[in-house]
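Before any comments, here is the structure.
Laboratory data are not the source of any read-out in this text; all were calculated from the coordinates shown. Computed from a prediction, not measured in an experiment: that's the story for all the values here. Backbone-built Cβ (ideal geometry, glycine too); neighbour counts: all protein chains shown.
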Amino acid sequence: MTKPLPPMLSGGLPVFGHALEMLGNREKLFKRGHAEKGDLFAIKLGPKNVVVITGAENNRMMYTETDKSLNMQDGYAFLKKSVGEVLFTASKEDYYNQRPVLQEIFRRERMTSYVQAMNIEVQRWLDSLGKTGEIDITKEMLRLTQYVAGHAFVGANFQAELGEDFWECYADISASLDPILPPNLPLPKFIRRDRARKVIYSRLESVIRTRRQNPDRYDDLITALMTTPLKDGSLIPDELIINMFIAFIFAGHETTAGQAAWLIALLLQHPAYLEQLKSEIHANAPYGTALDGATLSRLEHVYMAIDETTRMRPSADTQIRTVDQPLDMGDYEIPAGWMMMVSGATSHFLPDVFKNPERFDPLRFSAERGEGKNPFAIVGFGGGMHKCTGMNFAKNEMAIITTLLFQQFDVQLLSEDIRVVMGNGANHPSAVRVRYQRKPLSELTDAATIKAAVEGGCPHITRQVTP
Ligand code: HEM
């Protein structure tokens, strides 16, 4: 006997189904569905049947069945015009051919130079703030994460090589994302997208040419893409190098910016935990300490806050698959042709997995408490074979931003009502306005620490602003 279909959520409209409710606030829709029907329920998006899943066991099935009875690329087909056919938008065969390159780009040894780039760009940002002022952290993170990505991927000269208007072009591509309209319609946003892609292509062709002419002078991501063979042994064609670069920026920019802004906002909203985190920074990473891998590994409270932010405010709260072959899930059967969506909004708040789930409580991840240990309980970075390859990059970047900011500044939160803003790409908080005050140098560290850091060649000290 075949199993029944997942139960349909109430409230679907004729023709649209739950599409309008989903566009309005998918987090609310998923929470309503979970409260009404449990861990597996169906919604309709226009004519499409979608099963929404919650809980580690269902999540595990979705991730481990990807590239088997589920496929990833159909759900992300709307991205193809923007990022090309690459990685998560490519066919399964192409993805597995490209995968060794992905592993090379994010291998552990490369993280050292990415971390250096992060230190330099974050410190440059902090130096630019002056002694005191007011800023919107949400906006600042969007800009800062661009500079970090530019520096980490193309090198210190990234501004000149990519061109002043590179990020405006990227913004045109990002703003054109549309999961509903056909991507070839002659709409202004699609015309701007195609124009922006042409500009980015010509810039990156020139970046590739420069490296081909002087292969010994470069050791960056583009050079790695040019020299790492695909699984079939061939070198990556230039067009694919460019698409991969755009795909990395696309996957990593707004996601990291949104989550970094939430991290700072949540810390400022929870002063008791922030004090513990500041003590940890003071003890392990005082001003002038190089924030390398060894120092970062001592900042447990910082990384637990990052994990708690991923749980409570995931910037990639849902991920999509298409069912290629009928699938048994719990008490139900999901037919071929359906879509599947994982729900961070409900999975991350299950009270039998996370104690007082509505509470910001990073210590839940401490060794003593060890909540959410199941690798599929939290889905903010995905899971299984396609789990975010840039996760450590993003976590280290957020750790460096948080550490250097609270190491050098007193920060006061001005915004009262901070909401989740849902985009077609990644979620981010509404404005996070803060007032900041640079700490006096005497408070930052003692002279001996500065001296030791200068003798050790600490990169921050040379650009120190005298308070
Ligand atoms: C807080 C920041 C980030 C979040 C929340 C995030 C989230 C995710 C998620 C949820 C997936 C899985 C998608 C799926 O299964 O459908 C993913 C995949 C991916 N991410 Fe990230 N990401 C972040 C940062 C980054 C960064 C910084 C990079 C690169 C520099 C990056 C590169 C990738 C790539 C290449 C994939 C595809 C992996 C594959 O298909 O094998 N991500 N990311």
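The figures follow:
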item: Entries of LYS28/LYS387; LYS28/LYS373; LYS131/LYS439 with Cα pairs more than 20 Å apart; result: LYS28/LYS387; LYS28/LYS373
item: Contact order relative to length of the range 126-246, as percent, for alpha carbon pairs under 8 angstrom and 6 or more apart; result: 22 percent
item: Cα gyration tensor shape of the range 180-272, rounded if a/c is under 1.5, else prolate or oblate by comparing a/b with b/c; result: oblate
item: Length-normalised contact order of the range 157-228 in % [C-alpha pairs under 8 Å, at least 6 apart]; result: 33 percent
item: Potential lengthening between VAL421 and ASN214 on full extension [0.36 nm per residue; Cα-Cα distance subtracted]; result: 70.1 nm
item: Charge tally in the Cβ shell below 11 Å around ALA90, where Lys, Arg are +1 and Asp, Glu are -1, ALA90 excluded; result: 0
item: Global geometry of the range 38-130, whether rounded, prolate or oblate, following the gyration tensor of its Cα atoms and the 1.5 cut on a/c; result: prolate
item: PHE409 long-range amide H proximity, modeled H, under 5 Å; result: LYS439
item: Helical segments meeting 24 Å axial Cα length and Kyte-Doolittle 1.0 threshold in the chain (DSSP H); result: 238-269
item: Length released on extending from SER10 to ALA171, taking residue separation times 0.36 nm less the Cα-Cα span; result: 54.2 nm
item: The chain, dipole about Cα centre (Lys/Arg Cβ +1, Asp/Glu Cβ -1), debye to the nearest 20; result: 440 debye
item: Other-chain or far-sequence residues with amide H under 5 Å of PHE41's (modelled H); result: VAL52
item: Cross-link pairs beyond the 21 Å C-alpha cut-off, checked among LYS81/LYS231; LYS80/LYS189; LYS92/LYS231; result: LYS81/LYS231
item: Which of GLY288, GLY390, PHE376, positive extreme of dipole for the chain (C-beta unit charges); result: GLY390
item: Dipole magnitude of the range 165-208, debye to nearest 20 (Cβ charges: Lys/Arg +1, Asp/Glu -1, about Cα centre); result: 80 debye
item: Percentage relative contact order, the chain, counting C-alpha pairs under 8 Å, at least six apart; result: 24 percent
item: For the chain, share of DSSP beta bridges that run antiparallel, in % to the nearest 5; result: 85 percent
item: Percentage, to the nearest whole number, of Cα pairs in the chain over 30 Å apart; result: 48 percent
item: Contour excess over end-to-end distance, with Cα ends at GLU109 and THR64 and 0.36 nm allotted per residue; result: 13.4 nm
item: Magnitude of the charge dipole, the range 207-271, Cβ model with Lys/Arg +1 and Asp/Glu -1, debye to 20; result: 100 debye
